[in-house]
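First the structure, in the form of structure tokens, and then the observations on it.
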Amino acid sequence: MTRAMPSPAAAKPQVKPAEAYLPFTRPTIDDATIAGVAEVLRSGWITSGPQVKAFEAKLSEYFGGRPVRACNSGTCTMEIALRIAGVGPGHEVITTPLSWVASSNVVLETGARPVFVDIDPVTRTIDLGLVEAAITPRTRAILPIDLAGLPVDRDRLYSIARKHNLRVVEDAAQSFGSTWKGRRIGSFGDFVSISFHANKNITTVEGGCLVLNDEREAALAEQYRLQGVVRTGHDGMEVELVGGKYNMTDVAARIGLGQLPHLAEFQARRRDLARAYFEEFDRPVVRSLGIGLPPENFTDSNWHMFQVILPEERMTTRRSGVMEEMKSAGIGTGVHYPAIHLFALYRRMGWKDGDFPHAEYAGRNILTLPLFPAMERPDIPRVVRALASILGRHSKA
Ligand SMILES: *Cc1c(COP(=O)(O)O)cnc(C)c1O
């Protein structure tokens, strides 16, 4: 860490960080995994090979034996799922604007059109009550997002999908380790896409996996993953469809193999820290600030993130001002996410302000607070006190 030099230009009051900088997230990678990566690097086989196969086997076991294919992101996995489902030009996919832009971009990538419906302001995930009204003869799939690891109601989701004969691509990028009524996310349902990006609950640095329904789909996923190539015998090669360059490396897979055994312990840690957040936010002086909290779900959620919604109408500053002051207090925060339909690309396709009020309010005011397994319990009151003090100072009388 570099120490800031006292600057004469520093006119505005600065909160001096008394403790080390606290990022909003940080991966935990153990020494055995680092040593394992070194072994892979020395082995002579560093791209897709035995480590990827082993990682896929472990993942498949975790998901109750369903076929799994590992890829180099949790974005291409959704694109591959859409392609296997036959989604393309002229089709529509129903999704929500409060997500990482990847979940809508993949729909555009196939030539189809995303159809947004608003979020439920409590769960912050797709309002399933709005889905049926958005279905048209062109609709092929529903693509819900488990924001912050809180699973979308799978019973209701699949009853809508079955009734209208639609495929489902679960964007479970954030919900690896979450459950629905005691069943692991990914162990049931249609396509389930997981991300192993550095910020996710377990990581391969960059990477993802797709849980599929059968071996036919798994074979297609392999083709879409690597240039459409099908190999037979020693020298047979055929290409019948356009595939991407989406294969995972053995280096990444080795990291994933080293992460998996820690999932339960990471999860327990995240849960304890989330509970601590609720305790701190429950103090009367903090409660009176009107900060929006996530649902207090300690059965299904993997607590991928702890996100608050700032009370915009009661503040004399904006989210960016709060983030700046949190940073000065030595605390990192994040934005997950701005509403997708208001990005220039999507505005050009016809969406505008006011289309999805709940997603837009969240998009402007949602703030991700630090939460990761290596955090300490005392970090939580530190974060909440800093936030409360900032909002207190910028509160409309
Ligand atoms: C991280 C994430 C993705 C994409 O994952 P990558 O591995 O970064 O491609 C997609 N959707 C959501 C909701 C995510 O959080």
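The values are calculated or read from the model by the stated rules, or taken from the named source; none is laboratory data. Treat the numbers as computed from the prediction; the structure is a model and nothing was measured. With ideal geometry, Cβ positions are generated from the backbone for all residues, glycine too; neighbour counts draw on all protein chains shown. SASA here: full protein model, heavy atoms, side chains in, ligands and nucleic acids out. Shrake-Rupley method; radii C 1.70, N 1.55, O 1.52, S 1.80 Å.
Can you tell me the alpha carbon radius of gyration of the range 31-261 divided by the globular rule-of-thumb value 2.2 N^0.38 Å?
1.01
For the range 65-109, the orientation-averaged shadow of the C-alpha convex hull comes to 3.9 nm² (one quarter of the hull surface).
Globularity index of the range 324-397 is 1.42 (Cα radius of gyration / 2.2 N^0.38 Å, N = number of residues). At q = 0.14, 0.17, 0.22, 0.25 Å⁻¹, what log₁₀ I(q)/I(0) does a Debye calculation on the Cα points of the range 175-255 give, no solvent, two decimals? Debye curve over Cα of the range 175-255, log10 I(q)/I(0) at q = 0.14, 0.17, 0.22, 0.25 Å⁻¹: -0.60, -0.83, -1.12, -1.21.
State the percent of C-alpha pairs, over all pairs in the chain, separated by a distance greater than 42 angstrom. That fraction is 15 percent.
Just the protein heavy atoms count here, and of the accessible area of the chain at 1.4 Å, carbon and sulfur take up 55 percent.
Each part reduced to its alpha carbon centroid, the range 262-340 and the range 52-127 end up 26 Å apart.
Please work out the C-alpha center-to-center distance from the range 171-225 to the range 27-44 and express it in whole Å. Between the Cα centre of the range 171-225 and that of the range 27-44, the gap is 23 Å. In terms of the mean number of neighbouring beta-carbon atoms within 10 Å, the peptides 363-371, 232-240, 172-180, 106-114 order highest first as 172-180, 363-371, 106-114, 232-240. Averaged over its residues, the chain has an accessible area of 46 Å² per residue, based on protein heavy atoms and a 1.4 Å probe.
Test of understanding: express the Cα radius of gyration of the range 263-393 as a ratio to 2.2 N^0.38 Å, with N the residue count.
This ratio for the range 263-393 stands at 1.13.
Taking every alpha-carbon pair under 8 Å whose residues sit at least 6 apart, the range 263-393 reaches a relative contact order of 36 percent.
Top mean-square fluctuation among VAL37, VAL285, VAL152, Gaussian network model of the chain, C-alpha springs under 10 Å? Result: VAL285 has the largest fluctuation of those listed.
For GLU61, the accessible surface of its heavy atoms amounts to roughly 130 Å² (probe 1.4 Å, protein chains only, rounded to the nearest 10).
Can you list which of the trypsin sites (Lys or Arg not before Pro) found in the range 149-247 are DSSP loop residues with at most 11 other C-beta atoms within 10 Å?
Here the sparse-neighbourhood loop sites are LYS181.
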